[in-house]
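Here is the structure we will look at, set down as structure tokens.
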Amino acid sequence: MQNKKKKTGPLTRLLVGLFLGANVCTVLLLWLTVASTFVSPSDYPTISLLGLFFPIFVAVDIAFVFFWLIFHFTLVWVPILGLAVVASYAMDYCPINTKEYESDSAICVVTYNLGGVVEENDRLEVVGFLKKKNPDIVCFQEIQGNLMNMPEFQQFVDSMHYNKVIGAGKYILTRFPVLGDTLHIDYPTRNNSSMACWIYCQGDSLLLVSNHLESNGLSDSDKCEYKGMILEPERERVELGSQLLKRKLGGAAYYRGAQTDTLCALIDRNYGKSMIMCGDFNDTPISYTYQRLARRLDCAFRETGRGVGFTYKHSGIYVRIDHIFISKDWQCLKCYVDDGITASDHLPVVAYMQKKH
């Protein structure tokens, strides 16, 4: 007797077609979020915001993998192909590294947006954090005089024999000698800035750049509105909230596009020289800012970090927007986001690195 092929009814074929169409749309939208990182926000600020939806489409596409495995195995290649094309970007967003290294010649670098820490308990927590890490280089953003003038903070700085470099809202502490004056980086901005200095580190001059790129300018009420949109997605509320977020986020992205181009030009002018570029970039790994810098420098967290590593957790918004980039002559041994300190709405990024031999 001949084997008869199992026939599928019209309803089954219709459902398979609908789900397949939904999966294809998800894959195309996923690819579109990645493609948006190649578009300058200075030209198309709204398009640049598509990268924020990357984790959502990844999650949906992964769900389709399990769906097809259960209900229609022959179509599982569709979501797998979708993920394969953006695999490197997924690793930027959520790296999976299993090994960490230690070395006596490694230096510790910390970048930390203090968010204008005001309360005394928070300031003491920052001092305790520094004493625990004993970093060789610290780049603070949004620091205020109430911390810099705090006796406990000054005692620690003096005990570590730090050299200090001070800029608008930024403060660099380094155990290494500072070579020359502070370099101010000019770019279009409303309230933010970047600064740089040359230091003498492990027998070589190193360009250290501390950044606080354009802030999104979301007030506490804006963030609460965003959280409300997620928890109570009423049509009118979502429409109004989306317009507000689009306007504010797009406006900030417009400035960050030009700021990123300026930083890339700085890197290109100093090609082949030792460099550490860190700070609060106000952009996730799936963004024009991150991807342009990552084509020139290595991201420390991407090299040795694990997980999503959110550096901002406030009002229902969870993102990694603080980064440490290093030139090719450095090897990152360990990098993590320290979630043991709650003094600021940001979390510090800590990296251990050594010069390559």
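Data for the structure
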item: Subset tally (residues that are over 17 Å from the mean Cα position of the chain (by Cα) and within 12 Å of Ile276 (Cα to Cα)) for region 307-331; result: 5
item: Residue match in region 332-350 (condition: of a type in the set (Ser, Thr, Tyr), more than 22 Å from Asp122 (Cα to Cα), free of Cβ contacts under 8 Å to residues at least 60 places away in the same chain and out of contact with any Pro (no Cβ under 9 Å at 6 or more places or on another chain)); result: no
item: Residue ID - nearest to the chain's Cα centre (by Cα), chosen from residues in region 259-296 that are surrounded by fewer than 16 Cβ atoms within 10 Å (Cβ to Cβ) and without any contact (Cβ under 8 Å) to a residue 60 or more places away in the chain; result: Arg295
item: All positions within region 153-168 that are closer than 17 Å to Cys197 by Cβ and of a type in the set (Phe, Trp, Tyr); result: Tyr162
item: Answer residue from region 33-42, given it is touching a helix residue (DSSP H, G or I) at 6+ places or on another chain (Cβ under 6 Å) and aliphatic (A, V, I, L, M) and is surrounded by the most Cβ atoms within 10 Å (Cβ to Cβ) among those; result: Val34
item: Selection within region 138-159 - over 27 Å from the mean Cα position of the chain (by Cα) and aromatic (Phe, Trp, Tyr); result: Phe153, Phe156
item: Residue list for region 101-152, filter: small (Gly, Ala, Ser), assigned to a helix (DSSP H, G or I) and farther than 24 Å from Ser193 by Cα; result: Gly128
item: Qualifying residue in region 68-84 (condition: under 26 Å from the mean Cα position of the chain (by Cα) and closer than 22 Å to Arg306 by Cα); result: yes
item: Test: residue in region 43-50 that is surrounded by 12 or more Cβ atoms within 10 Å (Cβ to Cβ), under 33 Å from the mean Cα position of the chain (by Cα) and not in a helix (DSSP H, G or I); result: yes
item: Residues of region 338-352 that turn out to be acidic (Asp, Glu) and closer than 11 Å to Tyr312 by Cβ, as a count; result: 1
item: Cβ-Cβ under 7 Å pairs, at least 6 apart or on other chains, region 62-84 side closer than 15 Å to Gly21 by Cα, far side among the acidic types (Asp, Glu); result: Pro79/Asp61; Gly82/Asp61
item: Any chance Thr98 is outside the structural domain of Lys246 (by TED's automatic domain parsing) and more than 25 Å from the chain's Cα centre (by Cα); result: no
item: Residue in region 306-357 that is surrounded by the most Cβ atoms within 10 Å (Cβ to Cβ), counting only those that are modelled with pLDDT of 95 or more and hydroxyl-bearing (Ser, Thr, Tyr); result: Thr311
item: Lone qualifier among Leu124, Leu183, Leu130 - being in contact (Cβ under 8 Å) with a residue 12 or more places away in the chain and under 23 Å from Asn282 (Cα atoms); result: Leu183
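The values are calculated or read from the model by the stated rules, or taken from the named source; none is laboratory data. From a predicted model like this one, the values you see are computed outputs, not experimental measurements. For neighbour counting, all protein chains shown are included, and Cβ atoms are generated from backbone atoms with ideal geometry for every residue, glycine included.
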